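Remarks on the structure that follows.
The values are calculated or read from the model by the stated rules, or taken from the named source; none is laboratory data. Every value quoted in this text rests on a predicted model; they were computed, and no experiment measured them. Quick reminder, even Gly has a Cβ in these numbers, built from the backbone with ideal geometry, and neighbours come from all protein chains shown. Just the protein is used for accessible areas: all its heavy atoms, side chains included, with ligands, DNA and RNA removed. Shrake-Rupley method; radii C 1.70, N 1.55, O 1.52, S 1.80 Å.
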Amino acid sequence: MRLNPMNRHANLPSDLIILIPTYNQAVTNRNLSELMERSFPKDRLDLLRLLAAQAETRQMPLYIVGGSVRDLLLGRRLNDFDLIVEGDAIALGRALSSKYGGTVTAHSKFGTAKWFLPESLKSDHVTLDLISARSETYKHPAALPTVKQGRIADDLRRRDFTINALAIRLDGSHFGELRDDLNGAEDLQRGMIRVLHSRSFIDDPTRMYRAVRYAERYGFKIAEDTVILIPEARPFVENLSAQRIRHELDLILEEPNAVPVLKRLDELDLLSIIHPVLANVSKSNVATVTSEDPVLQNRNSRWILWLMHLKDQEIEFLNERLHFPANLLKTLHSAVRLNANQTAVLGLKPSKAVEFLEGYSIKALEVLSMAVEDIETRNILTRYLVEWWHLKPKTTGHDLKKYGIPPGPKYTEILRRLRAAWLDGEVKTDAEEKALLKNLIEKA
């Protein structure tokens with residue numbers, strides 16, 4: 001069978017090649033085995049085969065599942081994989097540890113085992129997670145699921161989307177065998193994000209945010225029979241904990257194309273339901289995340305870009321819903337105040353600009369120095385970060401003590417005056433600083 005690049009589908013971006021066969025062709029073990037050999041680093045593939053052999057010995061079906069399979073079939077090189085054991089994952093983990101070394105941490109409640117690999121098997125990764133296949137039920141909308149051990153069929157049916165409900169079996173002669181109970185391969189070819197059942201978004205409203213994130217990441221479409229489920233599920237977003245909904249927003253802001261994701265969520269009224277101040281993405285500076293500058297390519301920078309146009313009080317209201325980490329909250333407050341007062345630095349001497357800007361966090365200054373529209377303001381912020389912030393007089397507190405000045409507020413006053421003189425060009429050499437210092441001491 002020939003692996004077929006499916007870029008003939010209109011829904012898929014031209015640079016995305018799907019390495020799965022056309023619908024009427026069977027996926028053979030050999031084809032997927034070859035694909036796995038090309039996609040996994042050799043050391044990870046060797047580890048997979050070792051796991052597969054042990055699983056076969058214990059007659060435990062072992063699978064790679066979920067996003068790992070999706071990305072494998074999309075032709076992406078993988079370092080990580082999610083492993084599901086049909087049976088006792090803890091027992092398999094302990095058997096591996098007994099035979100090859102390392103230690104195992106077991107979580108009986110969840111049927112999971114973390115194998116801390118022996119030195120002989122370590123590479124970029126030092127642990128491996130094994131999870132028992134399970135089923136899930138939801139007591140009420142937006143609840144965390146009730147989990148019990150199940151079969152692989154149960155485990156696949158608890159997934160969010162069909163393209164994530166794919167599995168590749170590893171043990172024995174089944175190595176490389178694709179399991180596709182829910183037509184995920186077909187949706188992957190067609191570029192469709194589709195839920196598994198009509199209550200999926202009600203059970204877990206975070207899936208609506210993931211649907212948009214995946215759609216924009218891969219250039220896919222959300223299937224019509226999935227989009228129509230959003231309005232009924234939207235109100236249940238309010239039932240989600242701060243941690244769960246903020247985690248989804250964190251993941252979105254880590255996407256290279258975060259802007260289209262946020263705009264699409266806004267169109268679907270999935271931002272305003274979190275908090276009204278998040279609506280209307282076009283008013284924010286979040287579009288600046290398209291910049292290739294590393295400073296703007298991290299999650300916290302993107303939070304700042306998204307929210308810097310808000311007011312201090314609105315950040316507090318939003319924090320009541322999202323419970324930001326303390327450092328991020330402090331930086332957001334600093335950023336919104338700086339954004340509101342950015343023109344205050346115009347026309348100031350460097351020393352006065354420094355005095356004003358020292359009250360703001362460096363992270364906020366870094367982001368705004370690249371995001372503000374006014375060129376003059378941007379240049380002042382950049383000069384502060386690159387030149388002014390680091391500039392200090394040659395004189396120190398120890399020097400002042402030698403001159404017989406007792407420690408106290410006078411130290412700060414003299415050192416601040418000397419620094420201002422350097423910043424404003426009043427002194428340009430060590431000799432000029434010493435002359436000014438002499439004059440200041442005589443007046444002290």
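Among 206-214, 434-442, how do they line up from the highest to the lowest mean number of other beta-carbon atoms within 10 Å?
In descending order of packing, they fall as 206-214, 434-442.
According to a simple spin-label model (label point 7 Å from Cα along Cα-to-Cβ), what is the distance in nm between Ser123 and Ala242?
Placing both labels 7 Å along Cα→Cβ, they lie 4.1 nm apart.
Please tell me the relative contact order of segment 338-444 in percent, rounded to the nearest whole number, where contacts are Cα pairs under 8 Å and at least six residues apart.
That works out to 26 percent.
Out of the total accessible area of segment 34-142 (probe 1.4 Å, heavy atoms of protein only), what percent is carbon and sulfur?
Its accessible area is 47 percent carbon and sulfur atoms.
Name the residue from Ala421, Gln313, Asn439 whose Cα lies farthest towards the positive end of the charge dipole of segment 307-444, charges +1 on Cβ of Lys and Arg and -1 on Cβ of Asp and Glu.
Asn439
What is the Cα centroid distance between segment 54-96 and segment 337-403, reported in whole angstrom?
A separation of 53 Å, based on Cα centres.
Running a GNM on the chain with Cα contacts under 10 Å, which residue among Ile304, Ile193, Ile375 ends up with the highest mean-square fluctuation?
Looking only at Ile304, Ile193, Ile375, the largest GNM fluctuation is found for Ile375.
Order 185-191, 70-76 from most to least packed using the mean count of other Cβ atoms within 10 Å.
185-191, 70-76
Here are several values of Rg and Dmax of the Cα atoms in Å: (1) 23.7, 76; (2) 22.0, 66; (3) 28.9, 94. Which one was derived from the coordinates shown?
(3)
With a ≥ b ≥ c taken as the square roots of the eigenvalues of the C-alpha gyration tensor of segment 115-182, please select rounded if a/c is under 1.5 and otherwise prolate if a/b is larger than b/c or oblate if it is not?
Here segment 115-182 falls in the oblate category.
Search the structure for amide H atoms under 5 Å from the amide H of Ile193, placed 1.01 Å from N in the peptide plane, and list their residues when 5 or more places away or on another chain.
Close amide H contacts, sequence-distant or interchain: Lys221, Ile222, Ala223.
Which of the peptides 81-92, 356-367, 418-429 is most tightly packed, and how do the rest follow, going by the mean number of other Cβ atoms within 10 Å of each residue?
On the way: 81-92: 21.2, 356-367: 18.2, 418-429: 16.2.
Put in order of decreasing packing, that is 81-92, 356-367, 418-429.
Please give the contour-minus-distance gain from Asn183 to His398: 0.36 nm per residue of separation, less the Cα-Cα distance, rounded to one decimal in nm. Kindly include the intermediate steps, with their values, before the conclusion.
Values: separation 215, 0.36 × 215 = 77.40 nm, distance 7.50 nm.
Full extension of this stretch gives 69.9 nm more.
May I ask you to derive the relative contact order of segment 197-252, considering only C-alpha pairs under 8 Å and at least 6 residues apart, and to give it as an integer percent?
46
Report the relative contact order of the chain, percent, no decimals, based on alpha-carbon pairs under 8 angstrom and at least 6 residues apart.
So the answer I get is 10 percent.
How big is the antiparallel share of DSSP beta bridges in the chain, given as a percent to the nearest 5?
Within the chain, antiparallel bridges account for around 85 percent of the total.
Before I look further, what does the chain give for accessible area per residue, probe 1.4 Å, in whole square angstrom?
49
Mind putting a number on the dipole of the chain about its Cα centre? Charges go on the C-beta only, +1 for Lys and Arg and -1 for Asp and Glu, and I need it in Debye to the nearest 20.
Details: 62 positive and 59 negative charges, 172 e Å.
Once rounded to the nearest 20, the dipole reads 820 debye.
Report the Cα centroid-to-centroid distance between segment 183-204 and segment 228-256 in angstrom, as an integer.
Each part reduced to its Cα centre gives a spacing of 17 Å.
Please enumerate, by chain and number, the aspartates and glutamates with C-alpha under 19 Å from the C-alpha of Lys99, excluding those fewer than 8 residues away in the same chain.
Once the sequence-local aspartates and glutamates are set aside, what remains near Lys99 is Asp43, Asp46, Glu56, Asp88, Glu119, Asp129, Asp171.
In the chain, if the dipole is taken from +1 on Lys/Arg beta carbons and -1 on Asp/Glu beta carbons about the Cα centre, which of Phe81, Ala95, Gly359 is farthest to the positive end?
Final value for the positive-end residue is Gly359.
Of Ala371, Leu385, Ala335, which is farthest towards the positive pole of the chain's charge dipole, taken about the Cα centre with +1 and -1 on the beta-carbons of Lys, Arg and Asp, Glu respectively?
Farthest along the dipole direction, towards plus: Leu385.
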